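Notes follow the structure.
The values are calculated or read from the model by the stated rules, or taken from the named source; none is laboratory data. The structure presented is a predicted model; accordingly, all values stated were derived computationally and were not measured. As a convention, Cβ positions derive from the backbone with ideal geometry for all residues, glycine included, and neighbour counts pool all protein chains shown.
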Amino acid sequence: MEALHDAIRRCTKCPLHLHRRNAVPGEGRARLGVMVVGEAPGAAEDAEGRPFVGAAGSLLTKTLAKLGVSRDDLYITNVVKCRPPNNRTPTREEVEACLPYLLKQIELVKPRRVLALGLVSAKALLGLIGREVEKVGEVRGRCFPGRISGVELEVCVTYHPAAVLRNPNLRGRFEGDLALFLGGGLERYL
């Protein structure tokens, strides 16, 4: 994994490397057999080189703690490994440039569940198992079985914590989804 993280830190496959302070490979032990995949790093993540350390990361960490889960027990990453300028949505080309890194992370981590946070993540991950999606609402709160990088897993979709911060009405559904995904049958993977 460390060799992969080094390759991500040195990557120049798309123009995002020109603007980054730090690429953000991912972190965690995945002791629970769960990988969390967001969209792309924000400003705080770009500054620290770690995923989900800004306001959205704080919400994610607090929600996990309410469920009795430490973020260290999950592997946390993003589809795109470098911050898009002004936190814009990553382009299709940027997603495609980073996708091989995500596929290798899945191969190495061997998660039984991948939590797709937000539309960019849901589109990328569900696309890998042959399911097209245009809106998070179409698939939110559900898990879809499939095989990615030779790993049998479920892709489970919920809102990105940044969306919850923008629209607090989504918080109950976000927390409920995480409770379901992290408590609903997860013990069979331990």
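If you check Phe174, Phe144, which single one turns out to be assigned to a helix (DSSP H, G or I) and either farther than 24 Å from Asn87 by Cα or within 17 Å of the chain's Cα centre (by Cα) (or both)?
One residue alone meets the criteria, Phe174.
Just one of Glu107, Glu132, Glu138, Glu154 is touching a Pro at 6+ places or on another chain (Cβ under 9 Å) and either part of a loop (DSSP other than H, G, I, E, B) or among the charged types (D, E, K, R) (or both); which is it?
Only one candidate qualifies: Glu154.
What residue, of Lys104, Lys135, is surrounded by 16 or more Cβ atoms within 10 Å (Cβ to Cβ) and either touching a residue at least 60 places away in the same chain (Cβ under 8 Å) or under 21 Å from Arg166 (Cα atoms) (or both)?
Criteria check complete, one pass: Lys104.
Residue-by-condition table, conditions (1) more than 22 Å from Arg173 (Cα to Cα); (2) touching a residue at least 60 places away in the same chain (Cβ under 8 Å); (3) of a type outside the set (Val, Ile, Thr); (4) touching a Cys at 6+ places or on another chain (Cβ under 6 Å):
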{"residue": "Ala7", "(1), (2), (3), (4)": "yes, yes, yes, no"}
{"residue": "Leu18", "(1), (2), (3), (4)": "yes, no, yes, no"}
{"residue": "Arg88", "(1), (2), (3), (4)": "yes, no, yes, no"}
{"residue": "Ala97", "(1), (2), (3), (4)": "yes, yes, yes, yes"}
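Limited to segment 49-68, what total is found for residues that are under 15 Å from Arg171 (Cβ atoms) and either touching a strand residue (DSSP E or B) at 6+ places or on another chain (Cβ under 6 Å) or not aliphatic (A, V, I, L, M) (or both)?
Qualifying residue count for the region: 5.
Only one of (1) charged (D, E, K, R); (2) surrounded by fewer than 17 Cβ atoms within 10 Å (Cβ to Cβ); (3) at pLDDT 95 or above; (4) within 16 Å of the chain's Cα centre (by Cα) fails for Glu154. Which number is that?
Failing condition for Glu154: (2).
State the number of residues belonging to segment 157-171 that are touching a Lys or Arg at 6+ places or on another chain (Cβ under 8 Å) and part of a loop (DSSP other than H, G, I, E, B).
Within segment 157-171, residues that are touching a Lys or Arg at 6+ places or on another chain (Cβ under 8 Å) and part of a loop (DSSP other than H, G, I, E, B) number 1.
Would you say Leu128 is touching a residue at least 60 places away in the same chain (Cβ under 8 Å) and either of a type in the set (A, V, I, L, M) or surrounded by 23 or more Cβ atoms within 10 Å (Cβ to Cβ) (or both)?
Judged against the criteria, Leu128 is not a match.
Among the candidates Ala44, Ala55, single out the residue that is under 20 Å from Arg166 (Cα atoms) and touching a residue at least 60 places away in the same chain (Cβ under 8 Å). Explain how you work it out, then say what you get.
Values: Ala44 fails: touching a residue at least 60 places away in the same chain (Cβ under 8 Å).
The conditions single out Ala55.
Is there a residue being touching a strand residue (DSSP E or B) at 6+ places or on another chain (Cβ under 7 Å), more than 17 Å from Met35 (Cβ to Cβ) and not β-branched (Val, Ile, Thr) anywhere in segment 83-102?
no
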